[in-house]
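The values are calculated or read from the model by the stated rules, or taken from the named source; none is laboratory data. Just so we're clear, the structure is a prediction, and the values are computed from it rather than from any experiment. Glycine also receives a Cβ, built like all others from the backbone with ideal geometry; neighbour counts cover every protein chain displayed. Ligands, DNA and RNA are excluded from the accessible area calculation, which covers all protein heavy atoms including side chains. Shrake-Rupley method; radii C 1.70, N 1.55, O 1.52, S 1.80 Å.
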Amino acid sequence: MLTFVANTVLFILTGVIIAKTTTEAATDRTLTAGDAGYGLLVYLECLFARAVVIAVLYPILRKCGYGLTPYDATVCWWGGLRGAVGLALALVVSEGEGSYSD
């Protein structure tokens, strides 16, 4: 029950922060189509990095434990870091953004 409540609060908090940030950026005219392009580029880079790590470690993972099949490796590659842990990490990065200056 506690896990459900924590996940629900985290997802609601993330939605509110994303809506607030996006609305402010759209109103200030600082949100451009290039931002969507950068987001897509980062997503593709993450997929590529995951594929490299799984490909490098595949021989070891295939021989350890239950063994990693090509199907399981594909699921690991596509699944990545999703859910509450990924959202919590994104919130930490988002909130810590103001402390760094370029």
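Would you mind finding the one in 33, 19, 49 that is out of contact with any His (no Cβ under 8 Å at 6 or more places or on another chain), open to solvent by 60 Å² or more (accessible area, probe 1.4 Å) and small (Gly, Ala, Ser)? Steps first, please.
On the way: 19 fails: open to solvent by 60 Å² or more (accessible area, probe 1.4 Å); 49 fails: open to solvent by 60 Å² or more (accessible area, probe 1.4 Å).
That would be 33, the only listed residue that is out of contact with any His (no Cβ under 8 Å at 6 or more places or on another chain), open to solvent by 60 Å² or more (accessible area, probe 1.4 Å) and small (Gly, Ala, Ser).
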Open item on the list: Scan the range 27-47 and tell me whether some residue there is more than 18 Å from residue 83 (Cβ to Cβ) and touching a Leu at 6+ places or on another chain (Cβ under 9 Å).
Closed with: no
Task: Where residue 82 falls short, out of the listed (1) part of a loop (DSSP other than H, G, I, E, B); (2) open to solvent by 60 Å² or more (accessible area, probe 1.4 Å); (3) modelled with pLDDT of 70 or more; (4) over 24 Å from residue 15 (Cα atoms) - done: (4)
- [ ] Of the conditions (1) modelled with pLDDT under 80; (2) not in a helix (DSSP H, G or I); (3) not basic (Lys, Arg), residue 68 clears all except one; give me its number.
- [x] (1)
Task: Unmet criterion (only one of (1) exposed (fewer than 10 other Cβ atoms within 10 Å of the Cβ); (2) in a loop (DSSP other than H, G, I, E, B)) for residue 3 - done: (2)
TODO: Might you let me know whether the range 93-101 holds any residue that is among the hydrophobic types (A, V, I, L, M, F, W, C), in a helix (DSSP H, G or I) and at pLDDT below 85?
DONE: yes
